[in-house]
1. Kindly provide the set of residues from the range 131-154 that are over 24 Å from HIS93 (Cβ atoms) and among the polar types (S, T, N, Q), ordered by number.
2. What do you reckon, is ALA120 closer than 17 Å to ALA197 by Cβ, modelled with pLDDT of 95 or more and buried (at least 22 other Cβ atoms within 10 Å of the Cβ)?
3. Return yes or no: is VAL166 outside the structural domain of PHE91 (by TED's automatic domain parsing), among the hydrophobic types (A, V, I, L, M, F, W, C), under 20 Å from the mean Cα position of the chain (by Cα) and not in a loop (DSSP other than H, G, I, E, B)?
4. Exactly one condition in (1) of a type in the set (Gly, Ala, Ser); (2) in contact with a Gly (Cβ under 7 Å, 6 or more places away or on another chain); (3) crowded, with 16+ Cβ neighbours inside 10 Å is false for ALA318; which is it?
5. Determine, yes or no, whether ARG333 is over 14 Å from the mean Cα position of the chain (by Cα), buried (at least 23 other Cβ atoms within 10 Å of the Cβ) and not β-branched (Val, Ile, Thr).
6. Pick from LEU127, LEU217, LEU210: which is touching a residue at least 24 places away in the same chain (Cβ under 8 Å) and not in a helix (DSSP H, G or I)?
7. Which residue, of LYS147, LYS111, LYS121, is of a type outside the set (S, T, N, Q), assigned to a helix (DSSP H, G or I), touching a residue at least 60 places away in the same chain (Cβ under 8 Å) and not assigned by TED's automatic domain parsing to the domain that holds ALA241?
Amino acid sequence: MINRKLRIAMVGGGKDAFIGAVHRLAFYMDGQAELVAGALSVNPEVAIESGRELFLSPDRIYTDYKVMLETEAALPTDRRIDIVSIVTPNFLHFEPAMLALEKGFDVVVEKPITFTLEQAKQLKEKLIETGRTLLLCHTYTGYPMVKQARQLIRSGALGAIRKVYVEYPQGWLSTSLEKTNHAQASWRTDPKRSGKAGAMGDIGTHAFNLAEYVSGLQVTKICADVNTVVEGRMLDDDGAALLKFNNGASGVLMATQVAAGAENNVKIRVFGEKGGLEWQQEDANTLLVKWLDRPAEIYRAGTGYADAFAKHNARTPAGHPEGYLEAFANLYRNFMATLRAQQAGMIPTQELLDFPSIEEGVRGMAFIEHVIASGRSEQKWVDFTI
């Protein structure tokens, strides 16, 4: 078993990058890993300055991820990295991930997993070929009460699932922010860097993943309305979709970045024959369960009555607020514990294996393909195929 901190190299995530800092907070939280190398920006000056600010050894601050992966792979085992964390815009996910796997490294990658569905399929083949492990950062699956919701449904407590509602409202792109040199807005609204979807790729994939994860079902058909509200924007900033699931249930998905005043309150409601449940990020420690024939129940994170999966991913006693960073850290913790178990020849527990990976990545890219195709088509219902 690996009796040391796991060594991480980061592609992207340099100074002033939002998600890179979040990743570092997440993987440092449990003391299981450390950042030892990085190609932190496509801008050489920013890459070097960022590495220095993070106190990386000068010989492990790189200005090219290809050089970094080649160099790190050639280092002796007591120095070489274990994990490559890719926190770049969408168009720079695939090639670093493929090369990292080829060089024998496990991979963490931001969502959506690649630029196209075909790339996601190729990445899956490479992952199988190399036998490595991949973490896809669908953060919301890391919340204890999201896991509680999933386990309640899996137990059959709600009966057969009939209806799924999931929504992801944001308002930060209600104006042409990309025209003000805003870095995050600029790449997310640029089809050359984001891909064929804007809001549906950026946050719609989160909503889609949450719907499938919590319900335990898979989408089989989509009927979408996809819009570009802000004049002159090159990608969608608003949309909704009707969903059909593989058990016959129906659903509604909404994702928008032009809901002025909305922040980031991801919300899901699932209804079965016997009752339904609700979870939202603005009250992340609470799961509301409503029954057809008895009073409603409130589940809280950190309590003794919570399911084993929820307990495993809760970090503090009940009443102490946990949120986005802890959920993100849960993904890393489960992923890294799985790597340690695998290296020791052990079979990881189901709680440890409970993190998003390549299958979720492929389905996320298929969602983007189908939701955009349906949005553009006059024949609205499209089959969800991969």
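The values are calculated or read from the model by the stated rules, or taken from the named source; none is laboratory data. Bear in mind the structure is a predicted one, so any value in this text is a computation, not a measurement. With ideal geometry, Cβ positions are generated from the backbone for all residues, glycine too; neighbour counts draw on all protein chains shown.
1. GLN148, GLN151 - these are the residues of the range 131-154 that are over 24 Å from HIS93 (Cβ atoms) and among the polar types (S, T, N, Q).
2. yes
3. Criteria met by VAL166.
4. So ALA318 meets the others, but not (3).
5. yes
6. Going through LEU127, LEU217, LEU210 in turn, just one is touching a residue at least 24 places away in the same chain (Cβ under 8 Å) and not in a helix (DSSP H, G or I): LEU217.
7. After applying the criteria, what remains is LYS121.
Residues checked against (1) in the same structural domain as ALA197 (by TED's automatic domain parsing); (2) within 17 Å of SER357 (Cβ to Cβ); (3) in a helix (DSSP H, G or I):
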residue: THR63; (1), (2), (3): no, no, no
residue: MET68; (1), (2), (3): no, no, yes
residue: ILE81; (1), (2), (3): no, no, no
residue: SER85; (1), (2), (3): no, yes, no
residue: LEU99; (1), (2), (3): no, no, yes
